[in-house]
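Heads up: the structure comes next, in structure tokens.
The values are calculated or read from the model by the stated rules, or taken from the named source; none is laboratory data. Just so you know, these numbers come straight off a predicted model, no measurement behind them. No Cβ is skipped: glycine too gets one built from the backbone with ideal geometry, and neighbour counts run over all protein chains shown. What goes into the accessible areas is simple: the full protein's heavy atoms, side chains included, and nothing from ligands, DNA or RNA. Shrake-Rupley method; radii C 1.70, N 1.55, O 1.52, S 1.80 Å.
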Amino acid sequence: MMAFPSPSSNNRNADAKVFLVTGATGAIGQAMARQLAATPESEVVLVCRHQDKAKQAVKEIVESTGNDRVRYELADLSRHEDICRLTERWTGPLHGLINNAACTPRTRQETPEGIEMQFATNVLGYFRLIEAFTPILKASAPARVVNVASYWAGGLDLADPEFIRRRYDNGAAYRQSKQADRMLSAAFAERLEPFRIAVNACHPGDVHSALSHNLGFGGHETPDQGAATPVWLATHPVGQQSTGRYYEHRCESNCAFSRDRQAVRALYELCANYSNGKLRR
């Protein structure tokens, strides 16, 4: 895997705020990356799976914002090995990690590690990225993590997160993954607050995308409208001042999932067991 450095990557502005956006070639992801690149003194790294799409996204963002401190990294975030390699080759600070990558396959699929694809990407991808980047975020503090979740969340089954015993349904798998993302935000917020790392979750706007198409619905908002709340949390002071919260339309919203401390701890431990190899299905 090769990074595609921007012309200024070897001459980084010491005052720049560095953001990493996953799923950055999707409708909302690319809009987030572009809005972040348009903020003053920003450096933006797009994490993408496909090189051609990544190159095109970087080109469009640089042209539209005039910010040449935009580059990409290639990684499949459903795979633990790719996440480890991404953090190993990372240099410099990271001030904002925006977890956005997600998938919604219509049939049950598994990663090369044998993990159901939505759980691997939408849940373990978030968990493993935060975990892997924690030392870098600590060294860069104050720093933030923004987890893109959804208001359409629920139905998490901790006894069968991979739909091994249940009939797979991509909508049900997506809903439980977004519940998990909101709960993991609370779990990491508690652990990282002492290090001046804020962790918040949000619902983006309702945008028609490949993801929503797979789920069988469209959207009534533009990608820029959909990106507004995640970018606000990544750049506005409130995103650093608050932690462990859930937001919709730039307003804090009640999240019953995050208040279930026993379930939050159980989910965190489940994800940790996947990462350390202790899980036995």
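Seen against the Cα atoms of the chain and their longest principal axis, helix 125-140 is set at about 40 degrees. DSSP beta bridges confined to the chain are antiparallel in about 10 percent of cases.
Dividing the radius of gyration of the alpha carbons in the range 131-216 by their Kirkwood radius gives 1.06 for Rg/Rh. Extents of the range 64-110, taken as max minus min of Cα coordinates on every principal axis and listed largest first, are 41, 29, 16 Å.
Too long at a 28 Å Cα-Cα cut-off: which of LYS53/LYS138; LYS17/LYS53; LYS138/LYS178; LYS55/LYS138?
Pairs exceeding the cut-off: LYS53/LYS138; LYS55/LYS138.
In the assembled protein chains, HIS80 presents an accessible area of approximately 40 Å² (probe radius 1.4 Å). If you sort CYS84, CYS202 by accessible surface, 1.4 Å probe, largest first, the order is CYS84, CYS202.
For the chain, the longest piece that avoids every one of the GluC sites (Glu not before Pro) found in DSSP loops with at most 16 other C-beta atoms within 10 Å covers 114-281.
Calculate, in whole percent, how much of the Cα-Cα pair population of the chain lies beyond 25 Å.
The calculated P(r) of the chain puts 40 percent of pairs beyond 25 Å.
Full extension of the chain between CYS84 and LEU158 gives 24.1 nm of extra length, using 0.36 nm per residue less the Cα-Cα distance. For the chain, the longest principal axis of the alpha carbon atoms and the long axis of helix 223-235 meet at an angle near 80°.
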